[in-house]
1. Test of understanding: what is the full-extension gain from Arg336 to Glu227, defined as 0.36 nm times their sequence separation minus their Cα-Cα distance?
2. Between Arg76 and Arg234, what FRET efficiency comes out of the Förster formula 1/(1 + (r/R0)^6) with R0 = 56 Å and r the beta carbon distance, rounded to 0.05?
3. Using a 1.4 Å probe over the heavy atoms of the protein chains, calculate the carbon and sulfur portion of the accessible area of region 30-82 as a whole percent.
4. Hey, how much of the P(r) for region 140-200 falls beyond 17 Å, as a percent of Cα pairs?
5. Say each of Arg277 and Trp119 gets a label point 7 Å from the Cα, pointing the same way as Cα to Cβ; how far apart are those two points in nm?
6. How would you rank 237-246, 383-392, 279-288, highest first, on the average number of other Cβ atoms within 10 Å across their residues?
7. Please give me the summed charge of the neighbours of Arg415: other residues whose Cβ is under 11 Å from its Cβ, Lys and Arg +1, Asp and Glu -1.
8. For Ser337, what residues show an amide H to amide H distance below 5 Å, using hydrogens built from the backbone and excluding near sequence neighbours?
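The values are calculated or read from the model by the stated rules, or taken from the named source; none is laboratory data. Because the structure is a prediction, the values reported are computed rather than measured. Because the Cβ atoms are built from the backbone with ideal geometry, glycine has one as well, and the counts that use them run over all protein chains shown. Accessible surface is based on the protein model in full, side chains and every heavy atom, while ligands, DNA and RNA are left aside. Shrake-Rupley method; radii C 1.70, N 1.55, O 1.52, S 1.80 Å.
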Amino acid sequence: MDTGADAGRGAGARHERAAAPAAGAGAARAYDVVLFGATGFVGELTAEYLAAHAPAECRWALAGRNRAGLTALRERLAARWPHCAELPLVVADAADPGSLRELARSARVVATTVGPYVWYGDGLVGACAEAGTDYVDLTGEAEFVDLTYVRHDARARETGARIVHACGFDSVPHDLGVYFTVQQLPADVPLRVDGFVRAGAQFSGGTFASALTAFGRGREILRAAHERRLHEPRLVGRRARAPLGGPRFSRETGTWALPLPTLDPQVVARSAAAIDRYGPDFRYRHYASVKTLPMALGGTAAIGAGVTAAQLPPVRAWLMERYQAGQGPSAERRARSWFSVRFVGEGGGRRVFTEVSGGDPGYDETAKMLAESALSLAFDPLPKTSGQVTTAAAMGDALIDRLRAAGIRFRVAHRG
């Protein structure tokens, strides 16, 4: 591992008071946060966000496999934020276990954008679990999350590492949105929450590559889920479920609701299992919200066609070449993008409508969510957790406060 200068200084301390490093977090380590995959499209947006918003006391570094690319990125950052001229550079490669071990040992928190994670992510998770280093990523890949639980959760619990997957649009708005909704409902009663997702945006190349990979790995996904169930303790005395709902017209939102078989409901169910406030019997259903029936039918057909195409390796390879990870839309296109997730929660005779909303979900807001997740783990006073944990269980209110300050809206729309 090759490093540059000793420390980088952030600017614009929106979070002016930073908590002391958590016990056992390795205060003597070189960096508070290391961004791995910094030269990719979302990686560079995350680096820009940290350059603008990391507190002045944050020691952070750029990491990737190509020093020339990292140097060029540092120069681009320094042109806008002069304090970045001394930003450290860490050279590490997902295919080089030794460099990943050195990377993990140098940092209190590692944030990574390097995917598809099922191909490139396991070594870094293992290195962080071994070193007691907190870890955040952007994965939406259920297989990867299940495999890292089986392989690395126990060791992370021993070392105190917090392994927090899905810290972007998968699955922060949904996980924290449900957490926020539950707080508006009575405690100690059965709760039901439905989430309805709408977005006007272009998917990232990384998301597209991850989705194609998942579509072509159905057997492996099922095998990983089965293996996780063999290792994961059963919840005793409570229930936390996320069943796949059926297509329906939602009178609550005035739209057609199509079930979304993404990682998000699994993350929500794991938060519910970990947090008693979700009540004795919790159920979550996750939907895409579509205005018209023709749009709903067209979306269903498109997903079916994508799943079918991904079964054919030559077609899958061709599609990945057409839209590679690391590509993305212009700043002007991203500025017109948006997302909204509406939640309907019920329990104890009460009903509440909430919403989480923001700008471009696949790039700008995802970079913001990843950066703020890493900063929260590094600096916020948080509940004591370790092993593979969700954003709600690990950071909860602290991360909601950060995201609100950063412009993502959490609101109660109506109480019934």
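1. Working: separation 109, 0.36 × 109 = 39.24 nm, distance 4.22 nm.
Answer, rounded to one decimal: 35.0 nm.
2. Values: r = 50 Å, r/R0 = 0.89.
Efficiency, rounded to the nearest 0.05: 0.65.
3. Details: 1000 of 1880 Å².
Of all accessible area on region 30-82, carbon and sulfur atoms account for 53 percent.
4. On the way: 1060 of 1830 pairs.
Percent of Cα pairs beyond 17 Å in region 140-200: 58.
5. Taking the simple label geometry, Arg277 and Trp119 are separated by 3.9 nm.
6. Working: 237-246: 14.0, 383-392: 21.1, 279-288: 22.6.
Highest to lowest by the protection proxy: 279-288, 383-392, 237-246.
7. Values: positive: Arg350, Arg351; negative: none.
With Lys, Arg at +1 and Asp, Glu at -1, the net is +2.
8. Asp360
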